[in-house]
Amino acid sequence: MDAQLLADTLPKFPDFPPGEVWLAGAGPGDPGLLTLHTLHALQTADDIVHDALVDPRILKLAGNQAKLIFAGKRGGRPSSEQGDINELLIERARMQHRVLRLKGGDPFVFGRGGEEALALTRAGVRFRIIPGITSGLAAAALAGIPATMRDINHAVILMAGSRSADRASIAEWERLASVGQPIIVYMPMSNLPEIMSAFERGGMGRDTPAVIISSASTSDEQIVETSLSKAAADAERQGICAPAIVIVGAIAGMRQKLLSNMACE
Ligand SMILES: C[S@@+](CC[C@H](N)C(=O)[O-])C[C@H]1O[C@@H](n2cnc3c(N)ncnc32)[C@H](O)[C@@H]1O
């Protein structure tokens with residue numbers, strides 16, 4: 001591609017006006033997986049309200065004028081309540097700041113981005129959405145697991161595993177497994193044994209391939225190849241901790257077929 005064609009093809013970045021909030025995704029961790037729009041937002045924002053899953057390498061890309069405000073729910077620091085985060089975004093926008101609300105992955109996939117957009121709408125604050133690469137699909141692809149394969153599946157389920165393992169959740173996990181499509185479970189770690197048992201009762205075979213991936217695209221990445229019935233024990237044995245996703249279904253078995261020729265460092 002020649003330089004002019006490249007320049008013509010790259011995005012014409014929108015203005016980031018004072019008083020606006022941009023809800024953006026930072027991807028799974030590796031700064032190379034940021035979108036150019038999010039990079040532009042990082043360099044233009046006055047306030048960057050970020051969660052715990054935004055990789056420190058990405059925060060280093062912020063402009064010098066930017067104030068970094070942690071509003072996460074992990075990392076040993078006190079939790080921010082969602083209502084407080086909504087209020088913070090509204091307050092900063094009303095101060096005529098350019099406010100970047102930066103989240104890991106995609107802001108609209110298990111990221112409370114929808115709730116925040118609704119709160120901004122109700123408060124009359126203008127906002128823009130910048131999608132990010134969601135961690136479940138990025139982690140799968142980086143591990144050599146296609147989300148779909150023509151001969152394997154025509155759908156893939158993204159599921160949150162964080163709700164308490166009460167009867168309603170367990171019934172829902174069983175129903176999702178009964179659909180017969182692979183499932184990518186976000187936030188699985190606190191309920192992993194219960195989720196895997198529910199998938200089995202829902203009709204998934206005990207030997208169904210499963211791959212657990214933690215901290216995908218970072219130097220702490222760990223990948224465990226296992227099966228539905230062994231996933232919980234293997235995760236414990238290998239000391240897997242959050243953030244992690246679990247992929248259950250025939251697509252997970254593709255990793256073994258692709259690994260030998262795949263560059264992955
Ligand atoms: C609150 S959800 C946010 C998801 C995010 N909005 C996205 O689209 O990826 C947090 C969960 O995302 C998953 N996650 C985020 N980053 C990850 C990573 N680098 N590797 C594996 N899982 C990750 C984990 O399941 C984690 O518990």
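Stretched out fully, how many nm does the piece from Leu36 to Ile157 gain, at 0.36 nm a residue minus the Cα gap?
40.8 nm
For region 45-120, compute the orientation-averaged projected area of the C-alpha convex hull (one quarter of its surface), in nm².
Averaging across all directions leaves 4.9 nm² for the Cα convex hull.
Quick check for me: using +1 on Lys/Arg Cβ and -1 on Asp/Glu Cβ, what's the dipole size of the chain about its Cα centre, in debye to the nearest 20?
That gives a dipole near 260 debye.
Can you give the helix-only mean residue ellipticity at 222 nm for the chain, where every DSSP H stretch with n ≥ 4 adds -39500 (n - 2.57) and the sum goes over all residues, rounded to the nearest 500 deg cm²/dmol?
Value at 222 nm, helices only: -9000 deg cm²/dmol.
State the percentage of accessible surface on the chain attributable to carbon and sulfur atoms; use a 1.4 Å probe and exclude ligands, DNA and RNA.
Working: 7060 of 13460 Å².
The C+S portion of the solvent-accessible surface of the chain is 52 percent.
In what sequence, highest mean first, do 3-12, 131-140, 161-170 appear when ranked by Cβ atoms within 10 angstrom?
131-140, 161-170, 3-12
Give me the one-decimal Kirkwood hydrodynamic radius in Å for the chain, with the sum taken over alpha-carbon pairs.
Numbers: mean 1/r = 0.0507 Å⁻¹.
After inverting the pairwise mean of 1/r, the radius is 19.7 Å.
If the chain between Arg206 and Gln82 were fully stretched, how many nm would it gain, using 0.36 nm times the residue separation less the Cα-Cα distance?
Length gained, Arg206 through Gln82: 40.8 nm.
Give the cross-link partners of Lys103 among the lysines, using a straight C-alpha distance below 20 Å as the criterion and excluding same-chain residues fewer than 8 apart.
Lys60, Lys67, Lys73
Go through Val185, Ser164, Thr134 and say which Cα lies farthest out towards the positive end of the charge dipole of the chain; charges sit on Cβ, +1 for Lys and Arg, -1 for Asp and Glu.
Ser164
The values are calculated or read from the model by the stated rules, or taken from the named source; none is laboratory data. Predicted, not measured: the structure shown is a model, and the values here were computed from it. So basically every Cβ, Gly included, is an ideal-geometry build from the backbone, and we count neighbours across all protein chains shown. What goes into the accessible areas is simple: the full protein's heavy atoms, side chains included, and nothing from ligands, DNA or RNA. Shrake-Rupley method; radii C 1.70, N 1.55, O 1.52, S 1.80 Å.
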